[in-house]
Structure formats: C-alpha cells, structure tokens
Amino acid sequence: MVLYSYFAEACCVEYEISLTKVAEPPEERMEQALFSPPLSKQRVEFAVQHILESHATTLVRLAFSTYFLLLVRGPSCEFEVLLHCSLILDVDLEACWKHC
Amino acid sequence: MLLGKTPGGIYKLSREALLTAELPSRFTTRVNWRGSLPRDILCMFCRQHHLSEPLFSIISHPLKIPTESSKSCFKAAGLGTDVIECANGASVNGCPKQSDSGMFKCEIKLLSRCAEVILLCSPEDCYKKQNDAIQNASLKLLSWLNKYFNSVTAPFERLYETAGNFGIHVFSKNLFREIVIGQSIQNGHLYAMQCNKSLEPMCANSLQDMLVNGVCSLKIEGPDSGVCPCNGSLPCISYSVSLVVEGENMKEVIESCNEFEFEIGVGAVISFIEEVVMQMSVGQYAYFNTNLLTSDLIFASAGDSAIMLSLSSSELLSPVTLPLSTHTCTLFCKWLNC
C-alpha cells in the first residue's frame with residue numbers, strides 16, 4: 001500500500017540523518033582543497049627563491065617535510081650543488097634517518 | 001534488478017546504500033574511498049556485460065608517449081592478484097617497484113569477448129602512485145559510462161560525442177553500441193516507471209522550507225557542537241530512509257545504516273544528502289522529505305523478496321522483477337486483487 005501510494009503521489013520519501021562524527025581530511029587532501037598550488041609546493045618555491053637570493057650554502061630546516069627534502073635532493077633540482085650542508089631537526093627520528 | 005549492470009549501481013550495491021550512495025566523481029586517496037574500488041567496479045562491469053577483463057597500462061612520467069621500456073600492462077586476472085605483462089616480453093608478478101620521484105599515467109583498454117579493442121581510455125592526469133593512476137583512469141571511464149546509464153533517454157550519439165572530454169577513444173563503435181543500447185532497452189522498462197513527481201505539491205504549503213535543491217521541510221535539531229564537515233573530510237552518519245504516506249499514519253523504512261562514512265566534495269552521496277550534512281554539526285539530527293528518487297531505486301531498496309508484476313497501467317508498462325519486503329509485498333498483492 002505504501003509502495004502503491006508512492007506512485008499515486010500521496011507518498012514521499014523521508015530521510016532521517018544523524019551526524020555522529022567527522023574525520024578531518026588528510027593533510028594532502030586539505031592542501032588540494034585549500035591551497036593552489038599545494039602548500040608544500042609553495043613552501044619549496046619560497047625556500048628555493050630564498051636560497052638563491054641569499055646564495056646560501058647551508059640549509060637548516062626545522063620540522064622538515066618529506067616532500068621538501070625530496071625535491072631538494074632530487075636529480076631535477078639545480079641548486080642541490082649549492083648546498084654544502086643540510087641540517088635536519090625533527091621530532092620524527094625515523095623520517096630524519098630515512099631521508100638523510 | 002539491473003542495477004548490478006551499471007557502474008553506479010555496482011557501486012551502490014557495494015555500499016549497500018542504494019538511496020544514499022553515488023559513484024564518486026573523483027578518486028582522491030585510497031584511505032578516503034569507501035566501497036568497491038573503481039578498478040574492481042570496472043572489472044565487474046566487464047564481467048556483467050560478457051567482455052574480457054580490461055587491460056591496464058601504466059605509463060611513467062615524463063614520457064608522454066608509451067614506449068617499450070616504459071610501459072607495463074596489468075591484466076586484471078581477479079580481484080586479488082595481478083598478472084603483470086610487460087610489453088617487452090618479460091613478465092613479473094606483483095606490483096613493479098615504485099619510483100620515489102616518478103609520476104604515472106594509466107590507460108585502459110576495454111576488450112570484447114574476442115579480445116577486440118572496443119575503446120581506449122587514456123586520461124592525461126599524472127599521479128605519484130601507480131595505484132592512484134589506475135583507480136583514477138578506471139573512475140573516469142566508469143563516470144563516462146554512468147552518464148549514459150543514468151539517463152537512458154540520452155541518445156547513444158551524445159555519449160559518443162562526449163568521449164573526447166574524458167580522454168576516451170572508441171575503436172569499435174558497433175560493439176560498444178551493442179553494450180549500451182542493450183542496457184538502455186532494459187533500463188527503459190524501469191524508466192517508464194519513474195514517477196517524475198514534482199516537489200511543488202509536497203511543498204505547496206511551505207515553499208520557504210525548500211532550503212536546498214530537492215529537499216522539502218528540512219529540520220535540523222540538536223545543539224550546534226561547532227564540529228562541522230568541510231571539503232575533504234569524512235563525516236559518519238546514521239540514517240534511515242522511509243516511505244511515508246502523507247495524511248496517514250503509514251511509514252515503512254526501506255533503507256537504513258548505523259555507520260555510513262563518505263568523503264565530502266567528490267559526489268560520494270546523492271547531492272541533496274551532502275548539502276544537508278554540510279549544514280549539520282556533530283550530534284545534530286536532520287529530517288527532510290524528497291521526491292527526487294527514481295522508482296527503480298525505491299523498489300530495489302524495498303526489501304529482499306521478489307514478486308513478478310505484470311501491470312498494464314500507464315506507469316507500470318511491462319513485466320519486471322521487483323524485490324519487495326514481505327509487508328509491502330502483501331499490501332501490493334492486496335491492491336492487485338482489488
């Protein structure tokens with residue numbers, strides 16, 4: 001009867017929704033949503049520009065991001081040769097060792 | 001039902017949420033995806049339509065054109081294992097080593113039963129992970145197919161014309177036409193049953209209550225906790241969907257779930273549900289009515305038993321197999337006897 005009533009236009013569909021929790025998006029997803037270009041890329045561009053302008057040969061990065069270091073060490077990065085010393089300080093020892 | 005033969009239907013079934021879930025338009029990350037993965041849905045789609053398993057090819061960036069050395073082919077042999085066939089003749093098992101700095105594209109070949117290439121999907125998007133490239137390319141192809149299955153009145157030629165926008169090249173138009181036209185004839189029976197009911201009569205007394213598109217009489221209750229979903233977040237909802245007879249005390253729950261997670265901003269649920277959830281904070285309840293669901297989805301959600309209906313009314317045109325709950329089935333049979 002209920003189903004028939006739906007076709008007879010005397011019936012409608014009712015939704016009841018309860019929002020129980022919300023999980024924050026991962027950092028990468030938040031970057032995509034909030035920053036264009038991604039924040040990690042902006043950080044790298046800022047650092048690269050600063051290194052080139054100041055002719056720095058030493059880099060000290062506090063709480064570095066993996067992405068940043070990968071780019072600095074990457075084969076496509078021209079200013080790799082400019083950096084004679086790169087000092088990494090982070091609470092995540094595992095990440096430090098992995099990318100040293 | 002025929003839902004299991006359409007990309008969107010396969011996804012809905014995998015989430016057990018026919019009246020809530022939608023095939024997302026984007027694949028962001030594996031951890032945010034819920035339900036069957038796009039690649040698995042595509043394989044299922046091919047099996048349902050008696051096609052060969054699709055062929056996935058990974059192309060390493062920055063090479064724009066696939067070469068012998070940069071191209072590996074993944075033939076989906078099943079849901080769990082991959083047999084990787086390299087174009088240069090070598091073959092290995094498991095996933096190839098992933099480069100730290102590489103970017104990947106994926107192209108997919110849809111093959112007929114006789115291994116004839118029906119279409120090639122090669123999106124330009126590059127991804128850091130091979131799996132992301134495979135899932136994104138699969139989803140792109142599924143989304144394109146789904147556009148057609150969602151609108152059976154759209155002519156085949158229109159679908160064909162939009163292929164380029166999705167990075168799709170149809171090699172065998174005739175073979176492909178057989179797949180989609182065959183499906184559209186079957187869907188046509190269900191389409192004929194759609195109510196196309198207007199929201200206006202339902203909201204005639206309270207048009208101001210129609211707060212978001214397709215939703216009528218929206219009420220949000222409970223204190224505002226300040227914890228709201230945002231783009232990219234994963235809200236978890238508890239919900240129920242009921243058929244309600246207006247003016248009478250009749251209500252039947254046709255779908256419910258105590259824990260349903262989805263990603264905001266990728267179209268993972270029916271649009272009006274996401275719009276409502278975006279207005280809520282954790283701990284709040286929302287109630288609303290809608291008439292925008294198609295009757296085939298309502299029937300499919302109505303239960304697990306099935307009856308054969310042969311009606312000749314203007315709305316129910318031809319014999320179709322419909323799953324109905326015992327209660328609804330009894331009521332329906334009574335109505336038929338009258």
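The values are calculated or read from the model by the stated rules, or taken from the named source; none is laboratory data. Every value quoted in this text rests on a predicted model; they were computed, and no experiment measured them. So basically every Cβ, Gly included, is an ideal-geometry build from the backbone, and we count neighbours across all protein chains shown.
Considered as a group, the residues in segment B:100-119 that are over 12 Å from B:Leu51 (Cα atoms) and surrounded by fewer than 19 Cβ atoms within 10 Å (Cβ to Cβ) include one that is modelled with the lowest pLDDT, and that residue is B:Asp100. Scanning segment B:2-31 for residues that are over 12 Å from the mean Cα position of the chain (by Cα) and crowded, with 23+ Cβ neighbours inside 10 Å turns up just one, B:Phe27.
Whenever a residue of segment B:242-255 is facing chain A (nearest Cβ under 7 Å), its partners that are part of a strand (DSSP E or B) and of a type in the set (Phe, Trp, Tyr), lying with C-beta atoms within less than 9 angstrom and at least six residues away or across chains, give the pairs B:Ser242/A:Tyr15. Determine whether B:Asn146 is assigned by TED's automatic domain parsing to the domain that holds B:Ser25, out of contact with any strand residue (DSSP E or B) (no Cβ under 7 Å at 6 or more places or on another chain) and at pLDDT 75 or above. Spelling it out, B:Asn146 is indeed assigned by TED's automatic domain parsing to the domain that holds B:Ser25, out of contact with any strand residue (DSSP E or B) (no Cβ under 7 Å at 6 or more places or on another chain) and at pLDDT 75 or above. B:Ala17 meets the conditions (1) out of contact with any Cys (no Cβ under 7 Å at 6 or more places or on another chain); (2) modelled with pLDDT of 50 or more; (3) at negative phi in every case but one. The failed one is (1).
Of all residues in segment B:1-43, those satisfying the criterion of being aliphatic (A, V, I, L, M), without any contact (Cβ under 8 Å) to a residue 40 or more places away in the chain and part of a helix (DSSP H, G or I) are B:Ile10, B:Leu13. Scanning segment B:234-245 finds no residues that are in a loop (DSSP other than H, G, I, E, B) and modelled with pLDDT of 85 or more.
Checking every residue in segment B:53-75 against the condition of being modelled with pLDDT of 90 or more and part of a helix (DSSP H, G or I) gives zero matches. Under the condition of being within 7 Å of chain A (Cβ to nearest Cβ), part of a strand (DSSP E or B) and either among the aromatic types (Phe, Trp, Tyr) or closer than 25 Å to B:Leu37 by Cβ (or both), the residues counted in segment B:256-289 number 3.
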